[in-house]
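Please read the structure below before turning to the comments.
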Amino acid sequence: MYKIPILIFASLLLILSCKSVNKKSEKSVKEMNENPLLVKWDTPFGVPPFDKIKSEDYLPALEKAIEIHNKEISKILNNKEIPNYKNTIEALELSGSDLKKVTGVFFAIEAANTDDVLKETSKIIGPKLTAHFDEIQLNSDLFNRIREVYHQKKLLNLSNEEKHLLSETYKNYVTAGVNVEGVAKERLKSINKRLAALSIKFGTNLLDETNSFELYVSDKKDLGNLSESLVALAADEAKKRGHDNGWSFTLQRPSINPFLETSPNREMREKLFQGYALRGNNDNDKDNKAIVSEMASLRAEKAKLLGYNTWADKVLVNRMASKPNKVYDLMDKLWPSALAVAKKDRDTFAQMMKDDGVEGEFRGSDWRYYVAKVRAKRYNFNEDETRPYFEFNNVRDGAFNLANKLFGLSFKRLNNIPTWHKDQQVFEVLEGDKHIGIIYMDFFARESKRGGAWMNEMRMQSNVNGNYVTPIVTNNFNFPAPSGDNPSLLSFGEAQTVFHEFGHGLHGLLSNVKYASLSGTNVPRDFVEFPSQVMENWMSEPEVLATYAKHYKTGKVIPTELINKMNEANSFDVGFRTVEYMAATYLDLNWHTLTNNQLLDVNKFEKEAMDKIGLIDEILPRYRSTYYSHIFSGGYSAGYYSYLWSEVLDADTFNEFKKTGDIFNPELAKKYRDMLAAGGSKTGMQLYKDFLGREPRVEPLLIKKGFLEQ
Ligand SMILES: [Zn+2]
């Protein structure tokens, strides 16, 4: 469920806020004028000239762009005219255009095709960017100008988008703490510094704890029916760890899950399971308990300094949910049904274990083993049966075809355009003859690419003073590359990922607003997964499958029985998946709705939080506090609920299409497109209300998950 946040800029700023040596670049003015990142790009559609840019060009270009931005900010500050919308709010929005241009390309390539120079550059530039933006957002003189304009807002003749930009700008400065004064401001700065340091320490402790654990297996029968490729991987791991033979398993998900599913050795499963569950909680020098406790305390204190009741209240100001109780309301609607399903499954598994003649209590480490058993026995489903129907080019065309049916878009392959890697496919997106934007698609795994799948926007759409800038987006995946005569065949889940990221891509491409900072996927985090997740609904509809899920050899469309079998097998265990996710969400909210800053006993706090919701012993929250990197080192504090929130929106939306009897209903598709076009120029709730004329309903999601009768 977790996808790399597409808000890559913000996330990198968080990840990279580490100290590093500042290597002053001594480039001459002449050289700087020739830096291919800073000159005007004389390329088709103004795409980045990847054929001319060298990795060494990024750091000087970024440093220069920061310098230019600072000059632009000074100009705004030194403007002798009375502050008005144009000379302050719009001027701020338009400032830093060089920096946006360079960071847009840098963060895209650094994630998808990195090298030592780019890695070093990100280490150096990360803290510099954090400091640069802090400097701007905590500048009281700048804020005085913003406030002056903000207080005249009723008198100004502004469009809705301009009003939104004004209030967002004001709000961002306030939540950053620009209003805090004197001793409190000093305290705020020191809390920020301490939180950044703690969060880095949390991450490195977790990495060390994860990497140091090993489960060594010497007897092949303990591997059960583990697939050949995974057996080979485990053998490689054992060699790497200095064993002459045997197999080693680690705490990485791709290693731990298959072992828990297949190994008949209960004690080994338990050892691996506990190794995972106790990371950062072993009372050694990598223990994260004190860090968690201090971070929660500092966040509670910071929230108070900024005038909020709790940290969650502060975070949610900028989200669609707006208040913690709205999130709790949603959670409480799903929780009892999910828990009931999980309890029923637990009882079934416990009985199966007994029937197998295994003694002792059914434990969390037994869960996946019995799920796999039931899946094989009850559904007789094997993922490999479906792969031939999901050749990656076919899947891509299926996504394109869907965009054509819904929005009338077409995609033209561009072969003579600079790319960052030869595997990249580039397409011009058109509506009739009209140029909409460019999408770069990069499908295959390689060492220079980080894991997972994600989208980013290299150039945001905008339209100021008659200068219409069209968007450039990327989609990135980690599929196996074709080799020899073997094409790249995707699993159903991977095919779903193509549609998902393409959904983010469309959000960027269809944007039609005035300002870049309000365009495309610049929406609240609990809204951002909606346009991507909703695509996953279409992709599995028979009408859509018929357009692309064709056998790569015979061209035959995937049989309906196979699809049904797969859907049934996949929907099984929904109780467990929902419960482990939601338990982690409750835990996140519990840590971030503390109203005072006393230091707490982490294990005791977590147990009480889980007892309160009645979590059963056989299921752990997906993340326990000491390895909950999303919220203690990843920028998701008080935000892990976002996936569920977006799921409500996508299920509700697709249900509306279904209700019309036409999943491509043109009228509804037009309204949906209008919502995408509005980007972040309205609040999340306003976007939704303008789309469907009402607030989102949770019932379609409950039905989809099987928690509510239709
Ligand atoms: Zn996503």
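The values are calculated or read from the model by the stated rules, or taken from the named source; none is laboratory data. Owing to the predicted nature of the structure, the values given are computational and were not obtained by experimental measurement. Cβ atoms come from the backbone with ideal geometry, glycine included; neighbour counts cover every protein chain shown. Please note that ligands, DNA and RNA were not included when accessible areas were found on the heavy atoms of the full protein model with its side chains. Shrake-Rupley method; radii C 1.70, N 1.55, O 1.52, S 1.80 Å.
Where a ≥ b ≥ c are the square roots of the eigenvalues of the C-alpha gyration tensor, would you call the range 241-352 rounded, which needs a/c under 1.5, or, failing that, prolate if a/b is larger than b/c, or oblate? Please list the in-between numbers first.
Working: a/c = 3.19, a/b = 1.51, b/c = 2.11.
Here the range 241-352 falls in the oblate category.
I need the shape label for the range 193-293. Rule: rounded when a/c is under 1.5, else prolate if a/b > b/c, else oblate, with a, b, c from the alpha carbon gyration tensor. Numbers along the way, then the final one.
Working: a/c = 2.75, a/b = 2.21, b/c = 1.25.
Since a/c reaches 1.5 and a/b is larger than b/c, the shape of the range 193-293 is classed as prolate.
Going from most exposed to least, what order do THR470, THR585 have by accessible area with a 1.4 Å probe? Please list the in-between numbers first.
Numbers: THR470 25, THR585 0 Å².
Most to least solvent-accessible, the answer reads THR470, THR585.
With an 8 Å cut-off on Cα pairs and a minimum separation of 6 or more residues, tell me the relative contact order of the chain in percent. Numbers along the way, then the final one.
Numbers: 1035 pairs, mean separation 111.3, N = 710.
Normalised by residue count, the contact order of the chain is 16 percent.
Kindly sort ASP485, ASP526, ASP662, ASP690 by accessible area of their heavy atoms, largest first, with the probe set to 1.4 Å.
On the way: ASP485 150, ASP526 0, ASP662 55, ASP690 85 Å².
Output order, biggest surface exposure first: ASP485, ASP690, ASP662, ASP526.
Cα to Cα, under 12 Å, and not fewer than 8 places away if on the same chain: which aspartates and glutamates meet these conditions relative to LYS123?
Here the aspartates and glutamates satisfying the reach criterion relative to LYS123 are GLU110.
Given the chain, what whole percent of its Cα pairs are spread farther than 43 Å?
Working: 66949 of 251695 pairs.
Tail of the P(r) past 43 Å holds 27 percent of the pairs.
Assuming 0.36 nm per residue, please report the length gained on full extension of the stretch LYS221 to PHE664 beyond their Cα-Cα distance.
Roughly 154.3 nm would be gained on extension.
Output the pairs from LYS71/LYS314; LYS239/LYS271; LYS449/LYS705; LYS75/LYS128; LYS343/LYS612; LYS326/LYS704 with a Cα-Cα distance over 23 Å in this structure; if there are none, say none. Mind showing how you got there, number by number?
Details: LYS71/LYS314 31 Å; LYS239/LYS271 21 Å; LYS449/LYS705 34 Å; LYS75/LYS128 21 Å; LYS343/LYS612 16 Å; LYS326/LYS704 21 Å.
From LYS71/LYS314; LYS239/LYS271; LYS449/LYS705; LYS75/LYS128; LYS343/LYS612; LYS326/LYS704, over 23 Å: LYS71/LYS314; LYS449/LYS705.
Taking the Cα centre as origin and putting +1 on Lys and Arg beta-carbons and -1 on Asp and Glu beta-carbons, what dipole magnitude results for the range 299-422, to the nearest 20 debye? Kindly include the intermediate steps, with their values, before the conclusion.
Working: 24 positive and 16 negative charges, 145 e Å.
Taking the Cα centre of the range 299-422 as origin, the dipole is about 700 debye.
Please compute the modelled spin-label separation between ALA340 and LYS612, points set 7 Å along Cα→Cβ, answer in nm with one decimal.
2.4 nm
Report, in order of residue number, the helices in the chain meeting two criteria: a C-alpha extent of 20 Å or more along the helix axis, and a mean Kyte-Doolittle hydropathy of at least 0.5; treat each whole DSSP H run as one helix.
Working: long enough: 58-77 (28 Å, 0.02); 97-112 (23 Å, 0.69); 116-137 (32 Å, -0.30); 160-176 (24 Å, -1.16); 182-212 (45 Å, -0.32); 289-305 (24 Å, 0.04); 324-355 (45 Å, -0.62); 392-407 (22 Å, -0.16); 492-509 (25 Å, -0.02); 574-592 (27 Å, 0.04); 642-659 (26 Å, -0.59).
Helices meeting the span and hydropathy rule in the chain are 97-112.
Once both labels are modelled 7 Å past Cα along the beta-carbon direction, what's the SER491-ARG450 spacing in nm?
2.2 nm
On a full-extension model of 0.36 nm per residue, what is the gain between ARG378 and LYS75, subtracting their alpha-carbon distance, rounded to one decimal in nm?
Working: separation 303, 0.36 × 303 = 109.08 nm, distance 6.96 nm.
Contour length minus the Cα-Cα distance gives 102.1 nm.
Among VAL47, TYR552, TYR216, which residue has its Cα positioned farthest towards the positive end of the charge dipole of the chain, with +1 placed on the Cβ of Lys and Arg, -1 on the Cβ of Asp and Glu, and the dipole taken about the Cα centre?
Of the listed residues, the answer is VAL47.
Want the number for GLN274 to ASN415: 0.36 nm per residue separation, take away the alpha-carbon distance, what's left?
Working it through step by step, the gained length comes to 45.6 nm.
Which one, LEU38, TYR58, PHE479, is farthest towards the positive end of the dipole of the chain when Lys and Arg carry +1 and Asp and Glu -1 on their Cβ?
Checking the options against the dipole of the chain, the answer is LEU38.
Rounded to the nearest 0.05, what FRET efficiency do LYS553 and ALA481 give with R0 = 22 Å and r taken as the Cβ-Cβ distance? Could you check? Present the calculation step by step, with values, prior to reporting the outcome.
Values: r = 19 Å, r/R0 = 0.87.
Rounded to the nearest 0.05, the efficiency is 0.70.
Looking at ALA453, VAL469, ASN522, which one has the Cα that reaches farthest to the positive end of the dipole of the range 407-556 (charges on Cβ: Lys, Arg +1; Asp, Glu -1)?
VAL469
Hey, got the dipole for the chain? About the Cα centre, +1 on K and R Cβ, -1 on D and E Cβ, debye to the nearest 20?
On the way: 95 positive and 96 negative charges, 303 e Å.
In total the dipole reaches around 1460 debye.
Let me know the shape class of the range 218-271, please: from the alpha-carbon gyration tensor, a ≥ b ≥ c as square roots of the eigenvalues, rounded when a/c is under 1.5, otherwise prolate if a/b is greater than b/c, or oblate. Mind dumping the intermediate values first?
Details: a/c = 1.45, a/b = 1.38, b/c = 1.05.
It comes out rounded by the Cα gyration axes.
Would you mind computing, in nm to one decimal, how far apart the modelled labels at LYS185 and ALA290 are, each placed 7 Å from Cα along Cα→Cβ?
Spacing of the two 7 Å Cα→Cβ label points: 3.3 nm.
Starting from the amide H of VAL469, placed 1.01 Å from N in the peptide plane, find each other amide H under 5 Å away whose residue is 5 or more places distant or on another chain.
SER462, ASN463, VAL464
Kindly report, to the nearest 10 Å², the accessible surface of ARG459 as traced by a 1.4 Å probe over protein heavy atoms only.
Approximately 60 Å² for this residue.
Around PHE479, which amide H atoms from residues at least 5 apart in sequence, or from another chain, sit under 5 Å from its own amide H, with H modelled in the peptide plane?
When sequence neighbours closer than 5 places are left aside, the close amide H contacts are PHE444, ALA445.
Using a Förster radius of 25 Å, what is the FRET efficiency between LYS163 and ILE82 based on their Cβ-Cβ separation? Nearest 0.05, please.
Numbers: r = 20 Å, r/R0 = 0.78.
The formula returns an efficiency of 0.80 here.
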